[in-house]
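Student: Got a structure for you, questions after.
The values are calculated or read from the model by the stated rules, or taken from the named source; none is laboratory data. The structure displayed is predicted, hence computed values, not measured ones. Cβ sites come from the backbone with ideal geometry, for glycine too, and all protein chains shown count toward neighbours. Calculation scope for accessible area: heavy atoms of the full protein, side chains included, ligands and nucleic acids excluded. Shrake-Rupley method; radii C 1.70, N 1.55, O 1.52, S 1.80 Å.
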Amino acid sequence: MNILNHLHDISEVKFTRIVPNKFNDWIGLRDESFNKFVEISNQKTKFKDGFDIFKCFSMGVVTNRDAWAYNYSKDNLSNNMKKTIDFYNTQLGLKKDELQYNKREIS
C-alpha cells in the first residue's frame, strides 16, 4: 500500500490488465512446453506409440511392512528390523502348530 500512498486519486494508478489464459491461469502463467515433454510411461497407451521409456509397470519397491520397514529415526528402524528378524529366526524350523502368530512381533 505504500506504493499507492503518495497518490491521492486512484485514477492516477497505472493498472496492468491481467487476462487469464485458456487454463484460467492469471498469476504464474504455466509454461506450455511441459506438454511437449516425452512421457516416462503411460499405462493407457503403453507400447502403442513406441515412445515409452520404460516397458514395465509396477508398484516399485514395496514391503507391505511399513510399520517395520520405515521410520524417521535410523535407530528405531534398526531396532524394528532387528526385532523382526530375530522373531522370524525363532520361528524357523518350527512345526506349523508351534508357530506364533503375534502381530506385534511380525505381520
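Student: Restricting attention to segment 37-54, which residues are touching a Ser or Thr at 6+ places or on another chain (Cβ under 9 Å) and either modelled with pLDDT of 75 or more or open to solvent by 90 Å² or more (accessible area, probe 1.4 Å) (or both)?
Tutor: E39, F51, I53, F54
Student: Within segment 60-85, work out how many residues are farther than 26 Å from Q100 by Cα and at pLDDT below 80.
Tutor: 2
Conditions tested, residue by residue: (1) of a type in the set (D, E, K, R); (2) over 28 Å from the mean Cα position of the chain (by Cα); (3) open to solvent by 100 Å² or more (accessible area, probe 1.4 Å).
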{"site": "M59", "(1), (2), (3)": "no, no, yes"}
{"site": "R65", "(1), (2), (3)": "yes, no, no"}
{"site": "N71", "(1), (2), (3)": "no, no, no"}
{"site": "N76", "(1), (2), (3)": "no, no, no"}
{"site": "N79", "(1), (2), (3)": "no, no, no"}
{"site": "I85", "(1), (2), (3)": "no, yes, no"}
{"site": "Y88", "(1), (2), (3)": "no, yes, yes"}
{"site": "E98", "(1), (2), (3)": "yes, yes, no"}
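Student: Being out of contact with any helix residue (DSSP H, G or I) (no Cβ under 9 Å at 6 or more places or on another chain) and at pLDDT 80 or above is true for just one of F57, F34. Which residue is that?
Tutor: Exactly one residue qualifies, and that residue is F34.
Student: So P20 passes all but one of these: (1) open to solvent by 100 Å² or more (accessible area, probe 1.4 Å); (2) at negative phi. Which condition number does it fail?
Tutor: If we test P20 against (1) open to solvent by 100 Å² or more (accessible area, probe 1.4 Å); (2) at negative phi, just (1) comes out false.
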